[in-house]
1. For region 57-97 and region 22-42, what is the separation of their Cα centres, given in Å?
2. Pick from 174, 241, 118: which residue has the top mean-square fluctuation in a GNM of the chain where Cα pairs under 10 Å get a spring?
3. Mind checking which of 99, 312, 393 has the largest fluctuation in a GNM of the chain, springs on alpha carbons under 10 Å?
4. What FRET efficiency would be calculated for the residue pair residue 378, residue 73, taking the C-beta separation as r and a Förster radius of 30 Å, to the nearest 0.05?
5. Using heavy-atom solvent-accessible surface (probe 1.4 Å) with all chains present, what is the largest-first order of 364, 311?
6. With the contact rule set at Cα under 8 Å and sequence spacing of 6 or more, what percent relative contact order holds for the chain?
7. Below 25 Å, Cα to Cα, which lysines can residue 240 reach? Residues fewer than 8 away in the same chain don't count.
8. Top to bottom by accessible area (1.4 Å), largest first, where do 66, 347 land?
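The values are calculated or read from the model by the stated rules, or taken from the named source; none is laboratory data. Only a predicted model underlies this, so the values are computations on that prediction, with no experimental measurement involved. Heads up, the Cβs are rebuilt from the backbone with ideal geometry, glycines too, and the neighbour counts pull from every protein chain shown. Ligands, DNA and RNA are stripped out before the accessible areas are found, and what is left, the full protein with its side chains, is counted by its heavy atoms. Shrake-Rupley method; radii C 1.70, N 1.55, O 1.52, S 1.80 Å.
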Amino acid sequence: MKTVIAASIAILLGTAAFAAEPVGSDKFNTDPGFDLATLTAGNFYDVIVPLAKKEGTLTFYDFTDSFGPLFNEHLLPAFEKKYGLKVEYVRGEGDVAIQQLIAAHNTKSKAPADAYFISSGKYAAVLDAGVVANVALNEILPSGKGLNAEIATSTGGFAHGGVFLPFHRNQTSIIYDTRTVPADKAPADLDALLAWAKENPQKFIVTSPTGGGSGSGFLQTIAYAKVKGDDCRAAFTNFKISKEESATWAAGDCAKPVWDYYKELLPVVEITNGNSDTLNLLATGAGAVGTAWEDMAYDFLGRGLLPPTIRQEILAEGQVGGGDGMFLPVDGKAPAAGLLLLDFMVSQEAQLEKLKVNGSRSARTDIDPSATFTPEQVARLVPTEQFASRALQNMPNNLKNAMADYFAGNLLRGN
């Protein structure tokens, strides 16, 4: 599937008005009991809704610890009310659920769930196992037309042609307390941030790249901004880079500007071991600027764990983000209902609610929180125009890990 999938994307992107075509093959790898080849975004609801109602019940799997309230209290009740279907919600450890799905497939049994929400880091495993329906979801789901085409067909540098539906997007940010740093004085780029940190020692709280994702995100932001030359920057999008190659890159001349920046920064900042630690120091007033995840800071603000004077921004050079997604399994018990749920999950309605409740960004291009959110909710988020223009792709895992290891072994210990 992997060897031909990229070649299929160009064809798929031009077939939005036509019937679905299988991704990476000349035939679909699942038989849902209706003809996928005749299904289009235009006839989707006419075909799928009656079939889903006949199925009556579907099972939805969620790998997260944090999205339970969103699904249980908001999205699933709204879906059930809209279509008159019953959703059995299952939450559990991701690796176990994937193993169960693969085992069912290998024994030619029905899939344990009809729609799956999994970490983007696991999608390669389910694709390799052949348990993902090779349907271009962004093409056949009516809600798919609102998705960013690149995000909808590629995850973590791997082109999958639309079989993995982007549901959740996350974003790293810089947060600051306007009681100390007025919004019009907030450092807007890395050089201004370094200058501010030197003028305000130990007031910039930086998560270690080995202890929290916001720290790794900040390290990647520095690399994106400071590393020059096409040969050096090629590593940022080389998702086949090995651990050994990554370690060599991190210790070599390409990464020197990154470590030079940190060498100036580290003596005047406070390093923490986790994302929560960073936010807690800002909550107590021990810090005034910090590295963060947008959704986590949004949640802390909503629960009163951060003062309402906290604001978020994405630096002018851009900051990294990522996300997790959903897929239709091969041979689900309720495939029509599964497709209908997936369509609902990436609808504007559901994606706006997700952003409001969890601060979770969307791959949709028509999401404007200022149109429906309260001013207080909008103020808890990164400005929408910054998210649209400054969000960067996460680097390959091997490269991120190698840079974090180099940071810990060569800079942090000597600070």
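1. Each part reduced to its Cα centre gives a spacing of 25 Å.
2. 241
3. For the chain, modelled as a Gaussian network with Cα springs under 10 Å, the answer is 99.
4. FRET efficiency, residue 378 to residue 73: 0.85.
5. 311, 364
6. 25
7. 2, 122, 226, 228, 256, 400
8. On the way: 66 75, 347 15 Å².
Order by accessible area, largest first: 66, 347.
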